[in-house]
Structure formats: C-alpha cells, structure tokens
Amino acid sequence: MPELPEVETVRRGLVPRMVGHRIVRLTQRRKDLRVPLPARFAEKVEGRTIEAIDRRAKYLLLRLDDGQTLIVHLGMSGRMTLHDAPSAAEHPFERHDHVVFDMDDGWQVRFNDARRFGLMLLVPTEAVAEHKAFKGLGPEPLDALFDGAALAARLRGKRTPIKAALLDQKTLVGVGNIYACEALFLSGLSPRRSAHTVQGERAVRLVEAIRQVLLRSIDDGGSTLRDHVQPGGELGYFQTRFNVYDRTGAPCPTPGCGQLVKRLVQAGRSTFYCARCQR
C-alpha cells in the first residue's frame, strides 16, 4: 500500500498540473472502486476549478471552487498519472484506468487501480474534518508541532510492541511498515520494545528518525516495490537506501556491528531489524 511518502509524492506531482486549472471533462469507466463512485460524478465536477490539493494521512484532498472536496485514496495499487495532449492521444486507456480527468490546458490525469481498493468521495469542504475517514486519526508526523513529548504522550500506557503502535493510525498517521522498520533502526529501538517505555530521550530519537526517513523518501519519490509510480511516470528509488527493510541475512549497515539483519512477524507483518543495534 502507498504510505505517506508515496502519497505526498503524488500530491506534489499533481499540484502543477491540476491546481488553478478547471476540470473540463471527467470520464468514469466503471461505477465503483472500493465503494460506489459519487452519484452524478461528472456532472458535479466538470467545470470546477481545483483550488488546492492537500494531504491528510494517506488521503489526497482536492479542494474544488464550489465548496466541495474530492477525497482520494490510492488503496493498495492506485496511481494517478499525467499525460499531455499528444501522450493522451497516442496512448489509449489501459484496462484499469477507471477515472480520467481532462484539464483546461490539455493535460489529462488518469486514476489507475488494478485491485480497486481505492476510493473517491465528494464531501462538503467544511465537513471533511469530521468525516468518518478522518475521525480518530493521530497527528501528522511531519507537523512542526509533533515532537518527542507529543509521541511520548500518545504512547503512554500502551503495552503493545512499539512497531505495532507506529502502524496504528490513532497513534500517528502515515508511517507504514517500511518506514516504521527504518525509523526504529535509525533510532536504535527494538521493534519488540513495549510502546509505553518509549518516553523522554527515546521518544525524541524516534520522532527525529521518523521525520528523517519520511523526508528522505519524499525527496527520492517514494519507494517503488511493486505499483507506485510518480505522476510523471518515474519510479521512486528510496528502496535503494533501505537499511534493514527486506534485507534479511544482509550485514547490518552499522560500522563494526557484524550482525545480520533479522526478520520476525508481528501482527501478520514482516519486521526487519538488527538485534544488536536495536534495544
């Protein structure tokens, strides 16, 4: 599933081609994704100008000029790709191009989702914050106000392993499996450590590591392991910088460590770590 860096990469790629531009045509090539697409979808968005594209957790929020927000979730395999007029004319729709936006400057944005776990909803902008998709979500890890003290407060009393706590969107949002493994390695914390013990200096280290890993991945265009591509079609390459994720049996990258990266399963998800460097 695309995680925060991948979704933020998509957002940044779409902004130049969609923000300030009008949707002149919407082509809906099926009735539903994970749930039915909005009723009278084309009628409601055609002619509307996109004023901003924001992100909350792993959702894109396309702010329309009529006071509506189009909420988009990429699901497991979704991607949004850009095509200029010649490219769109030369490349017919692919099988899984389910929703297509034609913009007023000739650019086309295609939402492709092979597994159809994606989502598109139209919601009044003033109601977005209270929508069920966002209720109960934790803070954004890249928010300037999110620091070690804030994380420690959210972990206080949690007896689950810290890795599981990081994947809980009520603790904080957007830190999926890849980035949780990498952040725990950088902060020197064992994925097995009870979350409630991550206080004080440990929490500060972990927040700094989370921020570092997410920002590096955004700069690298995200991680392309299977489906993720940037809107311009480029692959992400943060996977070339993984320290431990999916590196079972490889030497720990810490100089002088000498241990091999291990794998364990926590709550059905693979965790990768160094037993010597992470305590």
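Throughout, read-outs are computed from the coordinates displayed, never taken from laboratory work. This structure is a prediction, so every number in the text was calculated from the model and none was measured. Cβ sites come from the backbone with ideal geometry, for glycine too, and all protein chains shown count toward neighbours.
Here are a few things to note about the model shown:
- The average projected area of the stretch 1-40, computed from the convex hull of its Cα atoms over all directions, is 4.2 nm².
- Whole-angstrom gap from the stretch 241-277 to the stretch 1-48, using each part's C-alpha centre: 38 Å
- This model, with +1 at the C-beta of Lys and Arg and -1 at the C-beta of Asp and Glu, gives the stretch 148-273 a dipole about its Cα centre of some 680 debye.
- Residues whose amide H falls under 5 Å from that of Lys158, counting only those 5 or more places apart or on a different chain, are His196, with hydrogens built in the peptide plane.
- Computed magnitude of the charge dipole of the chain (debye, nearest 20; Cβ of K, R +1, Cβ of D, E -1): 1600 debye
- Under 5 Å between amide hydrogens, built in the peptide plane, is the criterion, and for Ala250 it picks out Val261 among residues at least 5 positions away or on other chains.
- Between Tyr245 and any residue 5 or more places off or on another chain, the built amide H atoms are never under 5 Å apart.
- log₁₀ of I(q)/I(0) at q = 0.30 Å⁻¹ - the stretch 35-90, Debye sum with one point per alpha carbon: -1.17
- Against the main long axis of the alpha-carbon atoms of the chain, helix 177-187 sits at an angle near 40°.
- In Å, descending, principal axis extents of the Cα set of the chain: 58, 39, 29
- Along each principal axis, taking the top coordinate minus the bottom one, the Cα set of the stretch 57-114 gives 34, 29, 14 Å in descending order.
- Derived from the Cα gyration tensor, the three semi-axes of the equivalent ellipsoid of the stretch 79-209 are 39, 18, 14 Å, largest first.
- Shape summary of the stretch 4-127, radius of gyration then Dmax from alpha carbon positions: 13.2, 40 Å.
- Note on the stretch 215-259: along the principal axes its Cα atoms extend 41, 20, 11 Å, ordered by decreasing extent.
- Sites counted here are GluC sites (Glu not before Pro) in a DSSP loop (not H, G, I, E or B) having no more than 13 other Cβ atoms within 10 Å; the longest part of the chain that contains none of them is 131-233.
- Sites listed here are trypsin sites (Lys or Arg not before Pro) in the stretch 105-140 whose DSSP assignment is loop and whose Cβ has at most 11 other Cβ atoms within 10 Å: Lys132, Lys135.
- Its Cα centre serving as origin, the stretch 89-208 has a Cβ charge dipole (Lys and Arg +1, Asp and Glu -1) of approximately 1220 debye.
- Length gained when the stretch Arg211-Thr254 is fully extended (0.36 nm per residue, less Cα-Cα span): 13.5 nm
- Proximal lysine pairs, the chain, alpha carbons under 17 Å, eight or more residues apart or interchain: 8
- Over the stretch 174-256: Kirkwood hydrodynamic radius from C-alpha pairwise inverse distances, Å: 13.8 Å
- Value of [θ]222 nm, deg cm²/dmol, for the chain, DSSP H segments ≥ 4, -39500 (n - 2.57) each, nearest 500: -7500 deg cm²/dmol
- Binning the C-alpha pair distances of the stretch 124-279 at 10 Å intervals from 0 yields a P(r) profile of 11, 37, 35, 14, 2, 0 %, listed from the shortest bin outward.
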